[in-house]
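These notes concern the structure reproduced below.
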Amino acid sequence: MYSDTHCHLKHVGERGENLQSLFALLDAEKYRFILDIGTQPGDLASRVGTVLNATAESETSRQADDMALANLENSARIPSFIHFTAGLWPDAEVIAERDDSLRALESDVKEMLALASRRAEIGCEQFAALGECGLDRYWNGEAAAARVLAGESGGEDGPGTTDVAGEEELFGMQLDMAKRYDLPVIIHSRDAFDATMGCIKNSSFDSGVIHCFSYGTKEARAFLDRGWLISFPGNVTWPKKAEDRDRVASLVKYVPRDRLLLETDAPYLTPAPYRGKTNTPYLVRHVYERVAECLEISPESLADIVFENARSLFRIR
């Protein structure tokens, strides 16, 4: 019934979750749409391979799939509800090597579209997008400089880069690529509203979603006015204080229902009551339950709304 419009299945598997069991559970529960998101140059084959390996019945077929990934074969074995994007997260190394990274991304975009086309031949709808891409000023910019001075590594996403011009150039180049291929864009924007909006205006391309929305009503209105959708993840389930819950409800209600998407960003941002554990697309149901409560509708009705919005945005034109 549910749809997860933004997750990272390979990372979910790397954190110890059994993807074969997860896919069986999602199928049994009739999940309709799962979008696996690209973040690195040339990562599409390994992400598709992760899904194929989880559907393989033996170690021999897993090895065979690994050898066949160059052509993204065996598309019929991919669960019908799983679809793929290709994009470049604003990682310091990717920003520094952005020309090479963009070439790898364009190759992935072509493979993504070819895979969708092959799946269409067996009756599977074609869905695709470019992303996630965007700006992250929590890791990059002045925050990165402060982190380096303090001798902090920042973990898997840090310490970031001070090259904000390069970060914005990488984002703008991806917006241009999306325009060329007529693909919706999945935007990552963290602590970077003004710069993100500046890049969007420079590109004159307004088709996509602001994923994992982390701003307020004023910023939501600015994105909505330009035609963007807004997506909420599991952190809408976190607030416990009444005033914080009311603030989340007010923001959720502000987004028109035909511009609303929901996601997990799994394995990150695990919804309550499972915070502290690895997130999976199965847990997106808790996001639906909270948002449905805010909108005073049933989770089933909300699931229909989000699925139709996802189809409208991500279906290949």
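The values are calculated or read from the model by the stated rules, or taken from the named source; none is laboratory data. Here the structure is a predicted model, which means the values were calculated and not measured. Cβ coordinates were reconstructed from backbone atoms using ideal geometry, including for glycine residues, and neighbour counts include every protein chain displayed. Note: accessible area is taken over every heavy atom of the protein model, side chains too, but ligands, DNA and RNA are not part of it. Shrake-Rupley method; radii C 1.70, N 1.55, O 1.52, S 1.80 Å.
Do the conditions hold for Leu9, that is, is it of a type in the set (A, V, I, L, M, F, W, C) and under 17 Å from the mean Cα position of the chain (by Cα)? When the stated conditions are applied, Leu9 passes them.
Looking only at residues of region 85-141 that are part of a loop (DSSP other than H, G, I, E, B) and hydroxyl-bearing (Ser, Thr, Tyr), we find that the one that is modelled with the highest pLDDT is Thr85. If a residue has to be touching a strand residue (DSSP E or B) at 6+ places or on another chain (Cβ under 9 Å) and not in a helix (DSSP H, G or I) to count, how many in region 296-305 make the cut? The total comes to 0. Within region 115-122, does at least one residue satisfy the condition of being closer than 18 Å to His211 by Cβ and either buried (at least 21 other Cβ atoms within 10 Å of the Cβ) or in contact with a Leu (Cβ under 8 Å, 6 or more places away or on another chain) (or both)? No, every residue in region 115-122 fails to be closer than 18 Å to His211 by Cβ and either buried (at least 21 other Cβ atoms within 10 Å of the Cβ) or in contact with a Leu (Cβ under 8 Å, 6 or more places away or on another chain) (or both).
Residue-wise test of (1) in contact with a strand residue (DSSP E or B) (Cβ under 6 Å, 6 or more places away or on another chain); (2) farther than 30 Å from Ala116 by Cα; (3) modelled with pLDDT under 95.
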| site | (1), (2), (3) |
| --- | --- |
| Gly155 | no, yes, yes |
| Met173 | no, no, no |
| Ser189 | yes, no, no |
| Ala195 | yes, yes, no |
| Val209 | yes, no, no |
| Gly216 | no, yes, no |
| Phe223 | yes, no, no |
| Thr237 | no, yes, no |
| Glu243 | no, yes, no |
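As a summary of the residue check, Pro239 satisfies the conditions (1) touching a helix residue (DSSP H, G or I) at 6+ places or on another chain (Cβ under 9 Å); (2) open to solvent by less than 40 Å² (accessible area, probe 1.4 Å); (3) not in a loop (DSSP other than H, G, I, E, B) except for the one numbered (3). Applying a threshold of 7 Å to beta carbon distances and a minimum spacing of six or more residues, or different chains, the list of pairs starting in region 286-297 at a residue that is in contact (Cβ under 8 Å) with a residue 12 or more places away in the chain and ending at one that is of a type in the set (Gly, Ala, Ser) and surrounded by fewer than 23 Cβ atoms within 10 Å (Cβ to Cβ) reads His286/Ala272; Tyr288/Ala303; Cys294/Ala249. Contact map, region 264-279: first residue of a type in the set (A, V, I, L, M), second residue open to solvent by 40 Å² or more (accessible area, probe 1.4 Å), Cβ cut-off under 6 Å, separation 6 or more or different chains; pairs are Leu269/Asn235; Ala272/Trp238.
The rows are residues; the columns are (1) part of a loop (DSSP other than H, G, I, E, B); (2) open to solvent by less than 60 Å² (accessible area, probe 1.4 Å).
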residue	(1), (2)
Leu251	no, yes
Tyr268	yes, no
Pro271	yes, yes
Arg275	yes, no
Asn279	yes, yes
His286	no, yes
Glu289	no, no
Cys294	no, yes
Phe307	no, yes
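Quick check: anything in region 177-196 farther than 25 Å from Ala144 by Cα, open to solvent by less than 30 Å² (accessible area, probe 1.4 Å), of a type outside the set (A, V, I, L, M) and assigned to a helix (DSSP H, G or I)? No, region 177-196 contains no residue that is farther than 25 Å from Ala144 by Cα, open to solvent by less than 30 Å² (accessible area, probe 1.4 Å), of a type outside the set (A, V, I, L, M) and assigned to a helix (DSSP H, G or I). Scanning region 15-38 for residues that are touching a residue at least 60 places away in the same chain (Cβ under 8 Å) and either of a type in the set (Phe, Trp, Tyr) or open to solvent by 20 Å² or more (accessible area, probe 1.4 Å) (or both) turns up Arg15, Gly16, Glu17, Leu25, Glu29, Tyr31, Arg32, Phe33. Pairs meeting the criteria (first residue in region 42-69 and on the phi < 0 side of the Ramachandran plot, second residue at pLDDT 55 or above and of a type in the set (Val, Ile, Thr), beta carbons under 7 Å, at least 6 apart or on different chains) are Val51/Ile78; Val51/Ile82; Leu52/Ile78; Leu69/Val48.
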